[in-house]
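The block underneath contains the structure these notes are about, expressed in structure tokens.
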Amino acid sequence: MGLASRVPLIIALGSMGMWASPAHATLEPRHVVILANATNPDSLAVARHYAMQRQIPDDHIISLAVPFRDRISRQEYEDLVVTPLRRTLQDRHLASSIRVLVTTYGIPLRVDAPPLSDEDRLVLADAQSRVKTSRTRLEHLQAELAKLVSPQSPPSPPASGQVVLEAAKAALFLSQIDNIWRAALEHVRRQGGTETGRKVIPEFLQLTQQYGGWALLLPRRMDAEHAPPIPEPPQASAWRTLLDRTVPLWTGLAHRPITTERQLLYRWAERLFGVRGVLELASAEVDLLTPAHADASFDSELSLLWWDPGLYSVAWRWNNPLFEDAAPRPDDPPVLMVSRLDAPTAELAKGLVDKALQAERSGLQGAIYFDARGLQPDGPTDTYGEYDHSLREAATLAKELSSYDVVLDLAERTMASMPNVALYIGWYRLRSYEDVFSFNPGAIGYHMASAEAVTIHDPHERGWCKNALERGIAATVGSVGEPYLDAFPEPARFTRLLLSGKYPLVEVYYLTSRYVSWRMVLFGDPLYKPVAAQPQSSAARPLRLPVAPSERLMGDPPSLLEQSRRAYRQRLDALLSILKRIETERPETERPGGGP
């Protein structure tokens, strides 16, 4: 299982952590809607059983006429799920109060990648051509910038694990050029007002403008401490004004393929952001239109029920706004939390809530197991080492936060015996469940390996999720395809929030999961709270607890969805209007600076 690099585009938004005091709102049955397959009596029986056990109102069960199979097409998902579900939630006046959707036995497990239209194929071919051309041009610029640098070569960027996306490949390539550009900038700045400096500055400025456009050139020129000691280029003020007006309008443009005024937008992307801007934009389009990464689990895609494709990238994966390190964006539609009551049989699916309630009544008994591999992190991009370290940190936290017996194994091989399991997190054996666990009622656990939830209904399936559910686990996490390691909740994060006793299962999962519209699935009763909140020992480290998703403002999802649609259209229309007006009203020589 590899790691896909996570590198934001220039036009993407950042994030920051949000933290709360230990007291917060609690999810209640009125916040939950249960989805059942209208064509399958067993699915309806599981839904009714859960509603009865958790005292969820009857009108919170919504029946969907979906195929009784693991996979559905993207069109089936849109037509049979998204459209009727949105309408029913509005008709029943539930849209503004529902925070959790529960999928049940009989609801599909996976959503296939959307097929490409003829227009999509043309856009993809054009984007691929732009990627190839811009990379060739950037290689030339890289060589020219290197000539300006002193013989000492700039440092190479750190290794970044397995790279999957075209945008990530572009980011790694650009990071190399950035290093050389910074070294060239420092070299030019040191030359100051010398004769050599006066000769090299014009060449450096020309290369900078070609590489990063006015967006790179002007901010550096404004930085008196780091800028070369020369006057600003002609009409710099006009270009800076144009950047101030348009940079916010480029935000989010890479969330969908460009089909309107494509040539105009790419022309101005280069003028404002240089060849690197063209590479970033074209790489994002390639990723959007590459179906290899556009499939998802049904549940993870359903988290974005109130989002339209285009407001987020259907292809690849989307940063989870409920993740504990993410900054809330109140103008966005809400993200729903989704958990699945599903198992190899309908009776086992019903048992997930029964086991959870039993553990809540009597307390979750047993031991906690962390099966690590003894790996040491080799830098911040070594996700394998970081996750193994997180397993060891989770063991320390479990000892501090609970009275459970904690077993930490550091051997490369998986553990040979795990009796009386209350909680298990470990790795790594791929699609080959080892029958060494004895799960106590209410046990929670997940195995960090790829595609362990491809199916849970095939009797011959050897993956973790199907077999653990069959053998009595009450809650688990798995993936329906290659998720890449950082899609799993980090063990220390998950353990910290679970053992705090402040959050039910579904909130623990969403606070510790980085992505939605991806391949991960949570199985279990979303309201399950396995341990009661305990006073923290005075000897324990201070426990930082994030804002619970149930405490975040919900707003009116249909209104927020329409507002987001309108905002995207307005940004695009405003950007096009500005660029068209400049091209129409001013000849080439009168445009701000003339453009690269």
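The values are calculated or read from the model by the stated rules, or taken from the named source; none is laboratory data. As the structure is a prediction and not an experimental result, all values here were calculated from the model. Please note: Cβ atoms are built from the backbone with ideal geometry, for glycine as well, and neighbour counts cover all protein chains shown. Heavy atoms of the whole protein, side chains included, go into the accessibility calculation; ligands, DNA and RNA do not. Shrake-Rupley method; radii C 1.70, N 1.55, O 1.52, S 1.80 Å.
The calculated 222 nm mean residue ellipticity attributable to helices in the chain amounts to -14000 deg cm²/dmol, summing -39500 (n - 2.57) over DSSP H runs of n ≥ 4 and dividing by all residues.
Heavy-atom accessible area with a 1.4 Å probe sorts His447, His140, largest first, into His140, His447. State, to one decimal in nm, how far the label point of Gln263 lies from the label point of Ala567, with both points 7 Å from Cα in the Cβ direction. My value for the distance between the label points is 3.3 nm. Selection among Thr260, Pro67, Leu341 by position relative to the dipole of the chain gives Thr260 as farthest towards the positive end (Cβ unit charges, Cα centre).
Only the Cβ atoms of Lys and Arg (+1) and of Asp and Glu (-1) were treated as charged; on that basis the dipole of the stretch 443-533 about its Cα centre amounts to roughly 280 debye. Computed on the Cα atoms alone, the convex hull of the stretch 443-558 gives a volume of 133 cubic angstrom per residue.
For the stretch 243-387, the spherically averaged projection of the C-alpha convex hull amounts to 14.7 nm².
Packing, taken as the mean count of other beta carbons within 10 Å per residue, orders the peptides 269-281, 290-302 from highest to lowest as 269-281, 290-302. Taking a straight line from the alpha carbon of Lys466, these lysines sit under 23 Å away, with near neighbours fewer than eight places off in the same chain left out: Lys350, Lys355, Lys529. For Thr396 and Ser175, what is the calculated FRET efficiency with R₀ set at 51 Å and r taken between the beta-carbons, to the nearest 0.05? My answer for the efficiency is 0.90. Rank Tyr515, Ala449, Gly481 by how far each Cα sits towards the positive end of the charge dipole of the stretch 441-522 (+1 on Lys, Arg Cβ; -1 on Asp, Glu Cβ) and give me just the farthest. Checking the options against the dipole of the stretch 441-522, the answer is Tyr515. A viscosity of 1.567 mPa s and a temperature of 4 °C, combined with the Kirkwood radius over Cα pairs in Stokes-Einstein, give a translational diffusion coefficient for the chain of 50 µm²/s. Packing, as the average of other Cβ atoms within 10 Å across residues, places the peptides 391-399, 407-415 in the order 391-399, 407-415, highest first. The residues of the chain expose on average 41 square angstrom of accessible surface per residue, using a 1.4 Å probe on protein heavy atoms. Remark on Leu545: its backbone amide H falls under 5 Å from those of Ala20, a criterion applied only to residues 5 or more positions apart or on other chains, H modelled at 1.01 Å from N. Rounded to the nearest 20 debye, the dipole size of the chain about its Cα centre is 1000 debye, using +1 on the Cβ of Lys and Arg and -1 on the Cβ of Asp and Glu.
Here the spin labels are modelled as points 7 Å beyond Cα on the Cα-Cβ line, and at Arg30 and Thr194 they lie 7.5 nm apart. Taking label positions 7 Å along the Cα-Cβ direction at both Arg462 and Gln358, the computed distance is 3.0 nm, reported to one decimal.
At 1.4 Å probe size, with the rest of the protein present, what percent of the exposed accessible area of the chain is carbon and sulfur atoms?
51
Charge dipole (Cα centre; +1 on Lys/Arg Cβ, -1 on Asp/Glu Cβ; no other charges) of the stretch 29-109 amounts to roughly 220 debye. Farthest toward the dipole's positive end in the stretch 368-518, which of Ile425, Leu410, Leu469, given Cβ charges of +1 (Lys, Arg) and -1 (Asp, Glu) about the Cα centre? After comparing all options, I get Leu469. Taking 0.36 nm per residue of separation and subtracting the Cα-Cα distance, full extension of the segment from Gln206 to His93 would add 34.7 nm. Separation of the stretch 305-325 from the stretch 408-452 is 30 Å, based on Cα centroids.
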